[in-house]
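The values are calculated or read from the model by the stated rules, or taken from the named source; none is laboratory data. Keep in mind the model is a prediction, meaning the values are calculated, not measured. All Cβ positions, even for glycine, are placed from backbone atoms using ideal geometry, and neighbour counts span all protein chains on display. With ligands, DNA and RNA removed, areas are computed over all heavy atoms of the protein, side chains included. Shrake-Rupley method; radii C 1.70, N 1.55, O 1.52, S 1.80 Å.
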Amino acid sequence: MSQQFDVVVIGGGPGGYVAAIRAAQLGFNTACVDAFKNPEGKPSLGGTCLNVGCIPSKALLQSSENFHAVQHDFAKHGITVSGAKMDVAAMLERKTGIITKNAAGISFLFKKNKVANIHGLAALKGRQGDKWLIEVTDNGAVVDTLEATNVIIATGSSPRQLPGLATDNHMVLDNEGALALTAVPKRLGVIGAGVIGLEMGSVWKRLGAEVTILEAAPTFLAAADQQIAKEAFKTLTKDTGLDIKLGVKIGEIKATKKHVTVHYELNGEAVAAEFDKLIVSIGRVPNTAGLGAEAVGLQLDERGLVAVDDHCHTNLPGIWAIGDVVRGPMLAHKASEEGVAVAERIAGQKPHVDFGVIPWVIYTSPEIAWVGKTEEQLKAEGIEYKKGTSGFAANGRALGLGQAQGTVKILADAKTDRILGLHMIGPMVSELVTEGVVSMEFKAASEDLARIVHAHPSLSEVVHEAALAADKRALHG
């Protein structure tokens with residue numbers, strides 16, 4: 001006998017579990033099917049983001065930053081520390097504890113909101129009347145069958161593999177392996193200078209590894225505003241010590257039990273680099289295998305993404321898709337907002353997610369964050385703009401923190417003064433970027449931001465100063 005639901009969500013990541021909770025809040029009988037298992041083989045909600053992505057990487061970043069501060073920064077505060085050592089096992093145990101706590105929190109929220117929590121791999125099997133048939137398997141055996149009026153696909157994504165190179169998470173690592181290294185490698189290679197490559201490279205560099213990052217693109221962080229990207233490149237190479245090589249053409253890669261050799265070409269010169277471990281972070285691909293898309297006629301695009309309209313509806317009635325498995329940036333917060341929006345659309349509401357004001361963050365030290373158009377995009381689109389910049393170098397709060405590096409840049413329409421973009425590198429800009437998100441959502445002008453009283457001393461004063469600078473009336477620069 002099949003279990004009957006109004007809404008079944010396939011995937012328990014930041015898009016799926018949020019969609020399930022919101023659907024239940026709206027009065028729908030809701031289930032969430034998720035197949036993820038932790039290293040102990042137990043179900044663990046939260047998807048890639050919580051288990052092997054966003055959350056554990058931030059835990060390791062904080063641990064490595066603390067270790068670096070003990071070694072290099074505490075003396076400036078008059079604090080003498082000698083013999084500091086890094087216990088990698090304890091660091092990983094702390095990381096695991098954070099994951100476990102958050103996963104348990106999602107389970108609690110499911111119980112609180114009466115969401116049925118079903119473990120297994122869900123596949124669409126067909127349609128019977130106005131219901132979709134879903135089969136749930138675990139280790140190849142059928143464990144449940146479900147019927148749902150609406151299905152929300154939130155199956156996420158997986159690391160893109162290099163052709164011909166097996167990821168064993170022992171010598172050749174993806175994001176999961178990079179988060180689980182039990183010792184600091186002496187020589188760490190990273191292919192890909194994106195978010196994962198930069199963050200994981202930063203972690204292990206601070207803990208003592210020699211880190212080389214190989215990037216195929218000739219431009220560093222091409223998606224970011226290039227003024228900020230160039231400052232980030234300088235800081236990450238000079239201060240953090242990452243060896244970032246751009247315009248690399250990767251050739252043969254050979255892995256043995258002791259090391260990995262990467263053959264590549266740079267500026268016409270052939271190079272063979274030997275590493276103790278290699279992280280491959282060249283993007284992600286949508287998880288649609290085993291979903292039953294072909295069997296039910298679910299349309300996928302040329303990249304393997306589930307094809308959806310502006311409302312996240314697929315070509316099939318009652319089937320929706322959100323997050324990494326559809327168009328748009330592969331960001332956890334984007335998936336969550338889409339999940340909420342879909343649940344509300346099923347309820348007949350008319351929510352809206354504006355892709356133009358989704359923030360991006362890279363949690364290196366200093367952090368990098370932005371929202372809206374870059375200066376390069378505005379030029380390419382022929383949009384007349386003005387800009388204001390300000391730095392953290394003279395900011396009292398940043399100086400007190402010992403993190404007075406970085407820049408904030410505001411871009412505004414030359415005629416209307418409406419804020420078009422906010423770009424920044426510096427301390428805690430992952431928090432400061434929200435000032436730009438809120439301003440842009442409310443169609444604010446740079447003058448609006450400049451007229452708002454900002455606390456003193458605070459890091460947010462740099463945003464205020466950049467807004468003033470957009471109107472050529474900066475007070476401290």
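Remarks
- Tyr17 passes every criterion in (1) over 30 Å from Val342 (Cβ atoms); (2) within 22 Å of the chain's Cα centre (by Cα); (3) aromatic (Phe, Trp, Tyr) apart from (1).
- Residue match in region 194-202 (condition: surrounded by 17 or more Cβ atoms within 10 Å (Cβ to Cβ), in contact with an Asp or Glu (Cβ under 9 Å, 6 or more places away or on another chain), on the phi > 0 side of the Ramachandran plot and at pLDDT 95 or above): no
- Residue pairs meeting the criteria (Cβ under 9 Å; at least 6 apart or on separate chains; first on the phi > 0 side of the Ramachandran plot, in region 234-247; second basic (Lys, Arg) and surrounded by 19 or more Cβ atoms within 10 Å (Cβ to Cβ)): Gly241/Lys205; Gly241/Arg206
- Test: Gly328 is buried (at least 17 other Cβ atoms within 10 Å of the Cβ) and without any contact (Cβ under 8 Å) to a residue 60 or more places away in the chain: yes
- Leu266 vs. criteria over 18 Å from Gly15 (Cβ atoms), open to solvent by less than 40 Å² (accessible area, probe 1.4 Å), of a type in the set (A, V, I, L, M, F, W, C) and in the same structural domain as Leu188 (by the TED database): yes
- Single residue of region 415-434 satisfying the filter (part of a helix (DSSP H, G or I) and buried (at least 18 other Cβ atoms within 10 Å of the Cβ)) that is farthest from the chain's Cα centre (by Cα): Leu432
- Region 25-43 - residue that is crowded, with 24+ Cβ neighbours inside 10 Å and out of contact with any Gly (no Cβ under 8 Å at 6 or more places or on another chain) and, of those, farthest from Ala293 (Cα to Cα): Thr30
- Yes/no for Leu305 being in the same structural domain as Val9 (by the TED database), at negative phi and in contact with a Leu (Cβ under 7 Å, 6 or more places away or on another chain): no
- Flag if Ala380 is open to solvent by less than 20 Å² (accessible area, probe 1.4 Å) and within 27 Å of the chain's Cα centre (by Cα): no
- Check on Met91, farther than 22 Å from Gly16 by Cα, open to solvent by 50 Å² or more (accessible area, probe 1.4 Å), in contact with a Leu (Cβ under 8 Å, 6 or more places away or on another chain) and at pLDDT 95 or above: no
- Residue-level analysis places Ile213 among those that are outside any helix (DSSP H, G or I) and open to solvent by less than 10 Å² (accessible area, probe 1.4 Å).
- Single residue of region 331-361 satisfying the filter (touching an Asp or Glu at 6+ places or on another chain (Cβ under 7 Å) and aliphatic (A, V, I, L, M)) that is surrounded by the most Cβ atoms within 10 Å (Cβ to Cβ): Ala335
- The C-beta contact set for region 436-459 (first residue closer than 18 Å to Gly388 by Cβ, second residue polar (S, T, N, Q) and loosely packed, with under 15 Cβ neighbours inside 10 Å, distance under 9 angstrom, 6+ apart or interchain) comprises Ala445/Thr416.
- Listing of strands (runs of 3 or more DSSP E) fully contained in region 262-368 that carry 2 or more residues being of a type in the set (A, V, I, L, M, F, W, C) and closer than 24 Å to Thr137 by Cβ: 319-321
- Long-range neighbours under 6 Å by Cβ, at least six apart or interchain, first residue under 20 Å from Ala307 (Cα atoms) and open to solvent by 10 Å² or more (accessible area, probe 1.4 Å) within region 142-165, second assigned to a strand (DSSP E or B) and of a type in the set (Gly, Ala, Ser): none
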